[in-house]
Amino acid sequence: MTDALELLKTRTSPKAADLVPPAPSEVQLREMLTIAARVPDHGMMKPWRFIVHPMETRAALVEKLAANFRAGNPNASEGEIDKQRLRFGGSPLIVTVVCRIVPNVKVPDVEQLLSAGAACMNLLNAAQALGFGANWLTGWAAFDKSSKELFGLADNEQIVGFIHIGSVKGEIFQRARPDLSQIVNKI
Ligand SMILES: Cc1cc2nc3c(=O)[nH]c(=O)nc-3n(C[C@H](O)[C@H](O)[C@H](O)COP(=O)(O)O)c2cc1C
């Protein structure tokens, strides 16, 4: 196992286009999702759930997403629509993280949303700890009305991330990280 501190200090997202087979095994995926669900969760509301899309069973979903994109962008070129197919069809594994917000006087909506974000983050860390790359994406499909039906979302559910996971091809670009002096105050 990767040393925890080293993992947290070096975690980086590869581009989704650089994620290639092999995908995590069923056992590895279970481990990742177990870790993703181990997040702070005020009131134990479990305000998140996961939809797993392995590459082998994603073709129909990809075509429906392409159709929804075309419907929402009637002037889109075939190239732009193909780009969407690649975006959703390319990664070895995608996990859609859904936030389910239930009205609760003690647990504000934002805390439920944050817990779902934490689940996304844990999933990224778990994937990297197991030797894979992962990238947290949203984009139009996360917010488009058409996705409600496509992903089977209830009225109080929303997509907070498409987590693309796979083995990493090539070197990962290392972007600059924030200078602590600009984001930390001591008062
Ligand atoms: C909620 C959320 C949604 C994101 N959606 C996108 C996206 O749709 N497209 C994109 O290029 N990057 C998106 N990003 C950024 C990438 O996930 C990633 O953070 C970035 O490429 C590199 O950051 P890292 O190396 O620190 O992980 C999103 C990030 C967050 C937190």
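Here are some notes:
- Residues satisfying the stated conditions in the stretch 124-173, i.e. among the hydrophobic types (A, V, I, L, M, F, W, C) and either more than 13 Å from the ligand (Cβ to nearest atom) or touching a His at 6+ places or on another chain (Cβ under 9 Å) (or both): Ala126, Ala129, Leu130, Phe132, Ala134, Trp136, Leu137, Leu150, Phe151, Leu153, Ala154, Phe162
- Taken over the stretch 1-24, the criterion of being under 16 Å from the mean Cα position of the chain (by Cα) and part of a helix (DSSP H, G or I) is satisfied by Ala16, Ala17, Asp18.
- Among the residues making up the stretch 56-87, those that are β-branched (Val, Ile, Thr) and modelled with pLDDT of 95 or more are Val62, Ile81.
- Answer residue from the stretch 1-22, given it is of a type in the set (D, E, K, R) and surrounded by 12 or more Cβ atoms within 10 Å (Cβ to Cβ) and is farthest from the ligand (Cβ to nearest atom) among those: Asp18
- Taking the stretch 130-148 as the range and being small (Gly, Ala, Ser), surrounded by 19 or more Cβ atoms within 10 Å (Cβ to Cβ) and over 10 Å from the mean Cα position of the chain (by Cα) as the test, the residues that pass are Gly133, Ala141, Ser147.
- Counted residues, the stretch 94-114 - those being out of contact with any His (no Cβ under 9 Å at 6 or more places or on another chain) and part of a loop (DSSP other than H, G, I, E, B): 4
- Those residues of the stretch 33-58 which are in contact with a helix residue (DSSP H, G or I) (Cβ under 9 Å, 6 or more places away or on another chain), hydrophobic (A, V, I, L, M, F, W, C) and either more than 10 Å from Val95 (Cβ to Cβ) or not in a helix (DSSP H, G or I) (or both), in sequence order: Ile35, Ala37, Val39, Met45, Trp48, Phe50, Val52, Met55
- Among the candidates Val52, Val27, Val110, residue that is over 15 Å from the mean Cα position of the chain (by Cα), within 23 Å of Lys169 (Cα to Cα), surrounded by fewer than 18 Cβ atoms within 10 Å (Cβ to Cβ) and modelled with pLDDT of 95 or more: Val27
- Residues being touching a Phe, Trp or Tyr at 6+ places or on another chain (Cβ under 9 Å) and of a type outside the set (Val, Ile, Thr) - total across the stretch 23-64: 11
- Qualifying residue in the stretch 174-181 (condition: aliphatic (A, V, I, L, M), away from the ligand (no atom under 14 Å from the Cβ), part of a loop (DSSP other than H, G, I, E, B) and over 15 Å from the mean Cα position of the chain (by Cα)): no
The values are calculated or read from the model by the stated rules, or taken from the named source; none is laboratory data. Treat the numbers as computed from the prediction; the structure is a model and nothing was measured. Don't worry about glycine lacking a Cβ; one is built from the backbone with ideal geometry, like all the others, and counts go over all protein chains shown.
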